[in-house]
1. Tally up the residues in segment 124-152 that are open to solvent by 60 Å² or more (accessible area, probe 1.4 Å) and either farther than 19 Å from Thr84 by Cβ or of a type in the set (Lys, Arg) (or both), please.
2. Grab the strands (runs of 3 or more DSSP E) fully contained in segment 55-141, keeping just those with 3 or more residues being touching a helix residue (DSSP H, G or I) at 6+ places or on another chain (Cβ under 9 Å), under 23 Å from Gly157 (Cα atoms) and acidic (Asp, Glu).
3. Answer yes or no: is there a residue in segment 156-170 that is open to solvent by 30 Å² or more (accessible area, probe 1.4 Å) and touching a residue at least 60 places away in the same chain (Cβ under 8 Å).
4. Name the one entry in Ile86, Ile79, Ile61, Ile108 that is under 22 Å from Ala133 (Cα atoms), of a type in the set (Val, Ile, Thr) and at pLDDT 95 or above.
5. Anything in segment 106-123 that is in contact with a Gly (Cβ under 7 Å, 6 or more places away or on another chain) and open to solvent by less than 30 Å² (accessible area, probe 1.4 Å)? List them, or say none.
6. Any chance segment 66-86 includes a residue that's polar (S, T, N, Q), without any contact (Cβ under 8 Å) to a residue 40 or more places away in the chain and touching an Asp or Glu at 6+ places or on another chain (Cβ under 7 Å)?
7. Looking only at segment 36-54, how many residues end up being buried (at least 20 other Cβ atoms within 10 Å of the Cβ) and not in a strand (DSSP E or B)?
8. Since Ile103 meets every condition but one in (1) surrounded by fewer than 17 Cβ atoms within 10 Å (Cβ to Cβ); (2) touching a residue at least 60 places away in the same chain (Cβ under 8 Å), which condition does it not meet?
Amino acid sequence: AFTKKDFSHMAPPKAVYTALSRLAEEGVIRRISRGIYEYPAYSDFLNTSLSPNMEKIAMAIARKFGWIIHPEGETALNILGLSTQIPSKYVYLTNGENRCFKIGNQEIVFRKRSAAQMSLSYKTSLVVQALKAIGDASLTKKHLRKIGKQLTGNEKGRILKETKSLPDWIYNHIKTICEELNDG
């Protein structure tokens, strides 16, 4: 997913807009919402275009406005594959402003947070938000293994460093993900 701002270094805004409009008319790209485009994915099996990737659209919007974003709650669970439900509302924390974007029959919601709350890296925040969404009492080894398998060794080291000051229950689960389960 992308916006015309992603191409601002290549040509004047009017030329970029004209090129994107022409490509959308030709079906090369798809206009998702005002000023937001993507390369449409097509399923031969379903014989139709697939729904837009909401995470990529959220990232494109964040680039457009120069925001830092982190998935919250159910959105984090969906991205990590811990929930098979497709949310009707994708919620992201941001250092930007509170905004809502309607994409088809779904929404992307941005909720403003303080700079301190946005200081974690994207991957660390993704894991922390997923743990919070599941809750201490409901977390299982299966959840922790699934999260751990999606992290590289470098990411695990970074997550351990970044979460030392978080509540004990979160940090203890992160230690389990990063140290004890160890990809195995």
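The values are calculated or read from the model by the stated rules, or taken from the named source; none is laboratory data. Computed from a predicted structure; not experimentally measured. Note that each Cβ is placed from the backbone with ideal geometry, even for glycine, and that neighbours are counted across all protein chains shown. With ligands, DNA and RNA removed, areas are computed over all heavy atoms of the protein, side chains included. Shrake-Rupley method; radii C 1.70, N 1.55, O 1.52, S 1.80 Å.
1. Final tally of qualifying residues: 9.
2. The strands (runs of 3 or more DSSP E) meeting that bar number zero.
3. Within segment 156-170 (the criterion being open to solvent by 30 Å² or more (accessible area, probe 1.4 Å) and touching a residue at least 60 places away in the same chain (Cβ under 8 Å)), the answer is no, since none of the residues qualifies.
4. None of the others qualify; the one that does is Ile108.
5. Hit for segment 106-123 is Phe110, nothing else.
6. Yes, there is a match, as at least one residue in segment 66-86 is polar (S, T, N, Q), without any contact (Cβ under 8 Å) to a residue 40 or more places away in the chain and touching an Asp or Glu at 6+ places or on another chain (Cβ under 7 Å).
7. So the answer is 2.
8. (1)
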